[in-house]
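Below: the structure, in structure tokens.
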């Protein structure tokens, strides 16, 4: 019997607004700044679609709460580190096959609306 192909189902948490310490410059280390998090979770959603039951899907409230807690608790120098920590936490959920995290740092540069990084991680 062949293995099932990976699912193409995704849950997207868009523009999670959180404040945290993020940056390498002394002024950035003194106070929190606004950061936007976008998290995409690859999960198999077929059972949930058929049953209409929360127990058959990933409870994304937990993902949101974890991401916010990670951001608020950490004092990050790099946007990349924040993204990596969130991705690692997401992959601890058995239902998540892969995760894409975008961390958007508004007003990071004087002539740019925002700077964002995107990472994608999956189970190996």
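The values are calculated or read from the model by the stated rules, or taken from the named source; none is laboratory data. Keep in mind that what you see is a predicted model, and the values were worked out from it rather than measured. Because the Cβ atoms are built from the backbone with ideal geometry, glycine has one as well, and the counts that use them run over all protein chains shown.
Assorted remarks:
- In region 61-79, the qualifying residues are those that are crowded, with 18+ Cβ neighbours inside 10 Å and over 24 Å from residue 113 (Cβ atoms), and the one that is nearest to the chain's Cα centre (by Cα) is 63.
- Enumeration of residues in region 8-49 that are in a helix (DSSP H, G or I) and either over 22 Å from residue 93 (Cα atoms) or at pLDDT 95 or above (or both): 26, 27, 28, 29
- From 82, 58, residue being buried (at least 16 other Cβ atoms within 10 Å of the Cβ) and either under 10 Å from the mean Cα position of the chain (by Cα) or not in a loop (DSSP other than H, G, I, E, B) (or both): 82
- The set of residues from region 51-75 being touching a helix residue (DSSP H, G or I) at 6+ places or on another chain (Cβ under 9 Å), in contact (Cβ under 8 Å) with a residue 24 or more places away in the chain and closer than 12 Å to residue 18 by Cβ comprises 66, 67, 71, 74.
- Where residue 108 falls short, out of the listed (1) part of a strand (DSSP E or B); (2) modelled with pLDDT of 95 or more; (3) surrounded by 15 or more Cβ atoms within 10 Å (Cβ to Cβ): (2)
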